[in-house]
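Only one structure is covered here, and it is reproduced in the block below.
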Amino acid sequence: LVGKAIVDANKNSQAGYTLVSNKPVIVEDLAAEMRFNGPPLLHDHGVVSGISVIIYHKSKPFGVLGIHTTKRRNFTNDDVQFVQSIANMLSAVIKLRNAVELLQNSKTMLAEAQQIAHIGNWDWNIVTNKLYWSDEIYRIFGSSSQEFGATYEAFLNYVHHDDREFVKKSVDDALHKKKPYNIYHRIVLKDAEIKTVHEVA
């Protein structure tokens, strides 16, 4: 109905008054309101009653959520709590979105750093026998996520035949004897190229 609109947030506006009050604001009759001036946006749409609450982000206000009606209404405390709960959900979504963006940025920076240093990271869920490899490990092994079965056995297939028992024993010692896992061993790529890798876990 409105699209995009800009409203004031100074102390004389409903949004600004809500921010300064630091609590929900109920308006029963906008035309008779003495605490602040209703924005033209609301007057133009014939708004009479409404509630405005703060959308918190961390310890600071992120914005104001307002709900309005063209009919006079006496809002209850339950109505106010309902609107505030929606504002709280919006705050949670904003926090989640920010966290996802930060995580994505961190993952991108980590991937770039790994590519520069030729260092990869992996994670092995021993219970499900699923391996996660970072992009750089796939590059080191000359493989891709589509080609690699992402299991311990599939990893062992890359290990040079003469090093395989040593690698398996090192893994077993780490798992069962809690010995440090810090080894060098050879891997054989699809084109028969042999590389030496250093693994720490």
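The values are calculated or read from the model by the stated rules, or taken from the named source; none is laboratory data. Every value quoted in this text rests on a predicted model; they were computed, and no experiment measured them. FYI the Cβ positions are ideal-geometry reconstructions off the backbone, even for glycines, and counts take in every protein chain you see. In case anyone asks, the SASA skips ligands and DNA or RNA and just uses the protein heavy atoms, side chains included. Shrake-Rupley method; radii C 1.70, N 1.55, O 1.52, S 1.80 Å.
Key figures
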| item | result |
| --- | --- |
| Residue count, segment 93-111 (criterion: surrounded by 12 or more Cβ atoms within 10 Å (Cβ to Cβ) and more than 30 Å from GLU153 (Cβ to Cβ)) | 3 |
| Test: residue in segment 23-32 that is open to solvent by less than 80 Å² (accessible area, probe 1.4 Å) and within 24 Å of VAL93 (Cα to Cα) | yes |
| Residues that are of a type in the set (A, V, I, L, M) and exposed (fewer than 12 other Cβ atoms within 10 Å of the Cβ), drawn from segment 115-156 | ILE116, ALA117, ILE126, VAL127 |
| Filter result (of a type outside the set (Lys, Arg), under 23 Å from ASP191 (Cβ atoms) and either open to solvent by 30 Å² or more (accessible area, probe 1.4 Å) or modelled with pLDDT under 95 (or both)) within segment 161-175 | HIS161, ASP162 |
| Residues located in segment 1-16, provided they are assigned to a loop (DSSP other than H, G, I, E, B) and either out of contact with any helix residue (DSSP H, G or I) (no Cβ under 7 Å at 6 or more places or on another chain) or of a type in the set (Val, Ile, Thr) (or both) | LEU1, VAL2, GLY3, LYS4, ILE6, VAL7, ASN12 |
| Test: residue in segment 101-122 that is of a type outside the set (Gly, Ala, Ser) and over 30 Å from VAL197 (Cβ atoms) | yes |
| Whichever residue in segment 41-63 is among the β-branched types (Val, Ile, Thr) and more than 21 Å from LYS95 (Cα to Cα) and, among such residues, is surrounded by the fewest Cβ atoms within 10 Å (Cβ to Cβ) | VAL48 |
